[in-house]
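Q: Take this structure, written in structure tokens, and hold onto it; I'll ask about it next.
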Amino acid sequence: MKELTEITTTSSYFYGKLIARAARLALIAEEVACLDVIPSIKKFLIETIEPWLEGNFSGNGFLYDAKWGGLITKQGSTDSGEDFGFGIYNDHHFHLGYFVYGVSVLAKIEPAWGAKYKPQAYSLVEDFINKGKLSNLLYPRLRSFDLSIQTALMGRRLNRICRREEPREHK
């Protein structure tokens with residue numbers, strides 16, 4: 001198998017998508033009994049996920065925002081438009097969901113790695129779906145989920161709700 005190439009983007013969204021894609025390939029390889037490719041994918045996932053979880057990813061990375069109680073990116077902390085508004089808590093369930101998927105698959109194929117990074121994995125999840133009032137006080141309960149309408153609040157929709165704006169008509 002040709003070696004997987006390095007990810008060149010520093011965007012949490014696009015980087016996460018590439019991690020999730022590689023993770024999906026590992027599960028497909030497992031399902032179709034093409035087990036010889038899994039070690040390369042595992043190596044790729046470890047090398048691409050660990051820097052984000054350890055806080056030493058060059059050019060970006062996750063930071064804890066004590067003011068609002070959540071994860072933001074280094075780029076998003078200085079520019080609200082970076083990472084599609086990740087620094088202002090836009091679409092965390094998408095960005096972090098890709099990372100959580102990759103972490104979950106990697107933990108499945110390398111349980112010792114999963115045990116080592118379990119606290120970081122749980123932190124990623126709790127940022128966007130902390131469901132208990134006391135489960136993790138570092139994150140607000142259900143930051144981006146509206147129980148009354150049973151759906152996640154996303155980008156423009158969240159802006160309309162918060163600002164009471166009506167959607168623009170297309171001409």
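The values are calculated or read from the model by the stated rules, or taken from the named source; none is laboratory data. Quick caveat: nothing in here was measured; it's all calculated off a predicted structure. No Cβ is skipped: glycine too gets one built from the backbone with ideal geometry, and neighbour counts run over all protein chains shown.
Q: Do we find that residue 67 is more than 22 Å from residue 46 (Cα to Cα), among the basic types (Lys, Arg) and without any contact (Cβ under 8 Å) to a residue 40 or more places away in the chain in this structure?
A: Working: more than 22 Å from residue 46 (Cα to Cα): yes; among the basic types (Lys, Arg): yes; without any contact (Cβ under 8 Å) to a residue 40 or more places away in the chain: yes.
So residue 67 passes the test.
Q: Here is a further query. Answer yes or no: is there a residue in the stretch 55-65 that is in contact with a helix residue (DSSP H, G or I) (Cβ under 7 Å, 6 or more places away or on another chain) and over 18 Å from residue 76 (Cα atoms). If you could, list the steps in order and put the result at the bottom.
A: Residues of the stretch 55-65 that are in contact with a helix residue (DSSP H, G or I) (Cβ under 7 Å, 6 or more places away or on another chain), as a first pass: 57, 60-63.
Still in the running and over 18 Å from residue 76 (Cα atoms): none.
No, the stretch 55-65 has no match at all.
Q: Go over the candidates 137, 158 one by one and state the one that is exposed (fewer than 14 other Cβ atoms within 10 Å of the Cβ), modelled with pLDDT under 95 and under 20 Å from the mean Cα position of the chain (by Cα). Write out each step before concluding.
A: Details: 158 fails: exposed (fewer than 14 other Cβ atoms within 10 Å of the Cβ).
Every option except 137 fails the conditions.
Q: Out of the residues in the stretch 1-20 meeting the condition of being of a type in the set (A, V, I, L, M) and surrounded by 12 or more Cβ atoms within 10 Å (Cβ to Cβ), tell me which one is farthest from the chain's Cα centre (by Cα). Steps first, please.
A: Of the residues in the stretch 1-20, the ones of a type in the set (A, V, I, L, M) are 1, 4, 7, 18-20.
Subsequent filtering for residues that are surrounded by 12 or more Cβ atoms within 10 Å (Cβ to Cβ) retains 4, 7, 18-20.
On the way: 4: 21, 7: 16, 18: 11, 19: 10, 20: 10 Å.
Result: 4.
Q: Please work out which one of (1) crowded, with 22+ Cβ neighbours inside 10 Å; (2) within 16 Å of residue 62 (Cα to Cα); (3) not polar (S, T, N, Q) is the condition residue 122 fails and give its number.
A: (1) is the only condition that residue 122 fails.
Q: Would you point out the residue of the stretch 21-40, among those that are surrounded by 17 or more Cβ atoms within 10 Å (Cβ to Cβ) and in contact (Cβ under 8 Å) with a residue 40 or more places away in the chain, that is nearest to residue 119 (Cα to Cα)?
A: Among them, the one singled out is 23.
Q: What is the one condition in (1) surrounded by 21 or more Cβ atoms within 10 Å (Cβ to Cβ); (2) modelled with pLDDT under 85; (3) not basic (Lys, Arg) that residue 68 does not satisfy?
A: Exception for residue 68: condition (1).
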